[in-house]
Every structure is written in C-alpha cells, then in structure tokens.
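To start, the structure itself, in structure tokens.
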Amino acid sequence: IDIPNHLENLQMDSVKSGGYLYSLAVRTFANITIEQRPEAYKWLKENGYEAIIQPTVNAKTLSSVITTHIIEKGTKPPEDAINIHQKKYISVRKS
C-alpha cells in the first residue's frame, strides 16, 4: 500500500497511532542540467538567489532554496531552467 497517497485520498494529513504521529509531507529535489545553466542562473539571479551560484550550484542548497521559494512565493521556476521532483513521504514523530 502506498501510505502517502492513501492518506491523501482519505483527505487526511496526519494520523495518531500507538503513541506516534504519522504526517504526510513532501520533499522537493531540484537540479540543473548543463543545458539549463544559462536559464537557471538567470532565474536564480532574477529571484534574489545569486549567492548560491558558484562554479556549480550545490544540489542540496538548490533544493532548499527552491522549496523555500515554492512555499513563500507559490511559484516554481520555469521547467526549462530547473528540474523539480517532489516526493511524498510519511514523517513519524512521537506524540
């Protein structure tokens, strides 16, 4: 069973069981191909993220910046600039 999708289909974002809280969450992964660099670097500069541009952009830093951008601004970068993959998962915490 695909638990993240099952919770989503039930319109539930969390459930408590056995002293634990299971929460639906999403991780964002972003990367830039060599072909995308000009557009990606242009987009990063236009959106105030120039500081993360080095000879290459660190993948974890890029993913973090893109996650924050999506949350705060509600938009994603253009597909021709940055590849984005979001993966649903279940977060488990003691309740």
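Checked across segment 43-55, the condition of being hydrophobic (A, V, I, L, M, F, W, C), open to solvent by 40 Å² or more (accessible area, probe 1.4 Å) and not in a helix (DSSP H, G or I) holds for no residue. How many residues, within segment 38-58, are more than 19 Å from the chain's Cα centre (by Cα) and under 12 Å from ASN83 (Cβ atoms)? Of the residues in that region, 1 qualify. Here segment 56-95 is the region considered, the condition is being among the basic types (Lys, Arg) and surrounded by 14 or more Cβ atoms within 10 Å (Cβ to Cβ), and the residue that is nearest to TYR22 (Cα to Cα) is LYS88. Within segment 1-30, work out how many residues are open to solvent by 80 Å² or more (accessible area, probe 1.4 Å), under 16 Å from ILE70 (Cβ atoms) and either among the aromatic types (Phe, Trp, Tyr) or at pLDDT 90 or above (or both). Residues that pass the stated criteria total 2. Among the residues of segment 31-41, those identified as in a helix (DSSP H, G or I) and surrounded by 13 or more Cβ atoms within 10 Å (Cβ to Cβ) are GLN36, ARG37, GLU39, ALA40, TYR41.
The values are calculated or read from the model by the stated rules, or taken from the named source; none is laboratory data. The structure displayed is predicted, hence computed values, not measured ones. No Cβ is skipped: glycine too gets one built from the backbone with ideal geometry, and neighbour counts run over all protein chains shown. Note: accessible area is taken over every heavy atom of the protein model, side chains too, but ligands, DNA and RNA are not part of it. Shrake-Rupley method; radii C 1.70, N 1.55, O 1.52, S 1.80 Å.
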